[in-house]
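Below: the structure, in structure tokens.
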Amino acid sequence: MTEKICLNCGRNSNEIPLLALEYRGETYHLCPQCLPVMIHKPHNLAGKLPGAENFAPANHEH
């Protein structure tokens, strides 16, 4: 079994809870503390998550 680690900070499930993400048929893991990066600064995940450099940050205007 492959160790599950946060794709942003590298901590594992023994250190912090991890959320599973399905993307392009693959499973990735992200900890709750790094979830805001996915939402607000997804380009920071470039090189860690395929295509992240093309993600647009969340639009908070209603």
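Which of the residues belonging to segment 31-62 are assigned to a helix (DSSP H, G or I) and either of a type outside the set (Asp, Glu) or loosely packed, with under 12 Cβ neighbours inside 10 Å (or both)?
35, 36, 37, 38, 39, 40, 42, 43, 44, 45, 52, 54 - these are the residues of segment 31-62 that are assigned to a helix (DSSP H, G or I) and either of a type outside the set (Asp, Glu) or loosely packed, with under 12 Cβ neighbours inside 10 Å (or both).
Can you tell me how many residues within segment 18-56 are among the basic types (Lys, Arg) and out of contact with any Leu (no Cβ under 6 Å at 6 or more places or on another chain)?
As a first pass, look at segment 18-56 and keep what is among the basic types (Lys, Arg): 24, 41, 48.
Okay, now just the ones that are also out of contact with any Leu (no Cβ under 6 Å at 6 or more places or on another chain), so 24, 41.
Residues in segment 18-56 being among the basic types (Lys, Arg) and out of contact with any Leu (no Cβ under 6 Å at 6 or more places or on another chain): 2 in total.
Would you mention how many residues in segment 1-30 are of a type outside the set (Lys, Arg) and surrounded by 13 or more Cβ atoms within 10 Å (Cβ to Cβ)?
Within segment 1-30, the subset of a type outside the set (Lys, Arg) is 1-3, 5-10, 12-23, 25-30.
This time we only want the ones that are surrounded by 13 or more Cβ atoms within 10 Å (Cβ to Cβ), so: 5-9, 12-13, 16, 18-19, 21, 28-30.
Of the residues in segment 1-30, 14 are of a type outside the set (Lys, Arg) and surrounded by 13 or more Cβ atoms within 10 Å (Cβ to Cβ).
Give the residues of segment 2-30 that are assigned to a loop (DSSP other than H, G, I, E, B) and of a type in the set (Gly, Ala, Ser), sorted by residue number.
Narrowing segment 2-30 to residues assigned to a loop (DSSP other than H, G, I, E, B): 2-4, 6-11, 13-18, 24-25.
Correct list: 10, 13, 25.
Read-outs: derived from the displayed coordinates by stated rules, not from any lab. Since the model is a prediction, treat every value here as computed from it, not as a measurement. Quick reminder, even Gly has a Cβ in these numbers, built from the backbone with ideal geometry, and neighbours come from all protein chains shown.
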